[in-house]
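Visitor: For reference, the structure I am asking about is given below.
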Amino acid sequence: MNIQIVFYSMYGHVYRMAEAVAAGAGEVAGAEVAIYQVPELVPDEALAQSGAKQARQAFAHVPLAEVDRLAEADAIIFGTPTRFGNMCAQMRNFLDRATKLWLAGSLIGKVGSVFVSTASQHGGQETTITSFYNTLIHLGMIVVGVPYSETRLLDMKEITGGTPYGATTLADADGSRQPSANELAIAQFQGRHVAQIAAKLARK
């Protein structure tokens, strides 16, 4: 069972969440999990000026995602930072290249899920995921979120991300906040939950 985690991360927050998602998916028997990052569109000079180029060294080893390889997956879990309540341009550009897969119906029946990072509590955590799902539905994928059996979604003792649509983290406007233990645990649950559903579908 092929589980792909496909993400874009500028400062590493989404990458850390991707690792947790992958860890959860890897707990399911028979799951072969691979992590890929989508290509960068921002010029190196701009990345260096923003400090992102240095931050990205932490996941420079992660191979680039290839659109055609999405068809090999039984489930694909996408990770993106939010940009004004939507997925980032890098992820949009990557998915816009999937026309051939759409025409061939190559992703129909595959499981799709999404996790995100935002700067603030109300910075598009849910709209980014729900708008992302529009694309997955057009591709024929089976959308899976995070059910409330993951009780960490109900944690009111701390500021935390986490939605029934997918795992989330809060990075703060300057990127200083890293994913919390609660957020990473929800991400791990999401990876495991998606892989479990993919395994059930594979048995039918």
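Visitor: When you scan region 43-60, do you find a residue that is closer than 28 Å to Trp102 by Cβ and among the acidic types (Asp, Glu), even just one? Break it down into steps so the answer makes sense when it comes.
Guide: The first filter runs over region 43-60 and keeps only residues closer than 28 Å to Trp102 by Cβ, leaving none.
Scanning region 43-60, I find no residue that is closer than 28 Å to Trp102 by Cβ and among the acidic types (Asp, Glu), so the answer is no.
Visitor: Of all the residues that make up region 146-169, how many are in contact with a strand residue (DSSP E or B) (Cβ under 8 Å, 6 or more places away or on another chain) and without any contact (Cβ under 8 Å) to a residue 40 or more places away in the chain? Before the answer, list the steps.
Guide: Residues of region 146-169 that are in contact with a strand residue (DSSP E or B) (Cβ under 8 Å, 6 or more places away or on another chain), as a first pass: 146, 153, 159-162, 165-169.
Now drop any that are not without any contact (Cβ under 8 Å) to a residue 40 or more places away in the chain, which leaves 153, 159-160, 162.
Total meeting the criteria: 4.
Visitor: Within region 178-204, how many residues are closer than 24 Å to Glu158 by Cα and of a type in the set (Val, Ile, Thr)?
Guide: The number of residues fulfilling the criteria is 1.
Visitor: Of the residues that make up region 96-111, is at least one farther than 26 Å from Gly161 by Cα, over 20 Å from the mean Cα position of the chain (by Cα) and β-branched (Val, Ile, Thr)?
Guide: Yes: one or more hits.
Visitor: Now for a different question. Which one is nearest to Ile3 (Cα to Cα) among residues in region 156-183 that are assigned to a helix (DSSP H, G or I) and in contact with a Ser or Thr (Cβ under 8 Å, 6 or more places away or on another chain)? It would help to see each step written out before you state the result.
Guide: If we filter region 156-183 for residues that are assigned to a helix (DSSP H, G or I), which is where we start, we get 181-183.
Filter again for in contact with a Ser or Thr (Cβ under 8 Å, 6 or more places away or on another chain), leaving 182-183.
Working: Asn182: 23, Glu183: 21 Å.
Here the answer is Glu183.
Visitor: For Gly140, all conditions in the list (1) under 17 Å from the mean Cα position of the chain (by Cα); (2) part of a loop (DSSP other than H, G, I, E, B); (3) surrounded by 12 or more Cβ atoms within 10 Å (Cβ to Cβ); (4) at pLDDT 95 or above hold save one; what is the number of the exception?
Guide: (1)
Visitor: Please count how many residues of region 136-169 are in contact with an Asp or Glu (Cβ under 8 Å, 6 or more places away or on another chain) and farther than 16 Å from Val21 by Cα.
Guide: Going through region 136-169 one residue at a time, the tally reaches 1.
Visitor: Here's something else I'd like to know. State whether the residues of region 122-133 include one that is free of Cβ contacts under 8 Å to residues at least 24 places away in the same chain and either buried (at least 19 other Cβ atoms within 10 Å of the Cβ) or touching a helix residue (DSSP H, G or I) at 6+ places or on another chain (Cβ under 7 Å) (or both).
Guide: If we filter region 122-133 for residues that are free of Cβ contacts under 8 Å to residues at least 24 places away in the same chain, which is where we start, we get 122.
Checking which are either buried (at least 19 other Cβ atoms within 10 Å of the Cβ) or touching a helix residue (DSSP H, G or I) at 6+ places or on another chain (Cβ under 7 Å) (or both) leaves us with none.
There is no residue in region 122-133 that is free of Cβ contacts under 8 Å to residues at least 24 places away in the same chain and either buried (at least 19 other Cβ atoms within 10 Å of the Cβ) or touching a helix residue (DSSP H, G or I) at 6+ places or on another chain (Cβ under 7 Å) (or both).
Visitor: Within region 64-77, can you find the residues that are touching a Phe, Trp or Tyr at 6+ places or on another chain (Cβ under 9 Å) and either basic (Lys, Arg) or within 13 Å of Val33 (Cα to Cα) (or both)? Break it down stepwise before answering.
Guide: Keep residues of region 64-77 that are touching a Phe, Trp or Tyr at 6+ places or on another chain (Cβ under 9 Å), which gives 64-67, 69, 77.
Correct list: Arg69, Ile77.
Visitor: Please go through region 110-156 and give me each residue that is basic (Lys, Arg) and farther than 21 Å from Gln37 by Cβ, ordered by number. First the steps, then the outcome.
Guide: To start, the set of residues in region 110-156 that are basic (Lys, Arg) comprises 110, 152.
Selection gives Arg152 alone.
The values are calculated or read from the model by the stated rules, or taken from the named source; none is laboratory data. From a predicted model like this one, the values you see are computed outputs, not experimental measurements. Cβ atoms come from the backbone with ideal geometry, glycine included; neighbour counts cover every protein chain shown.
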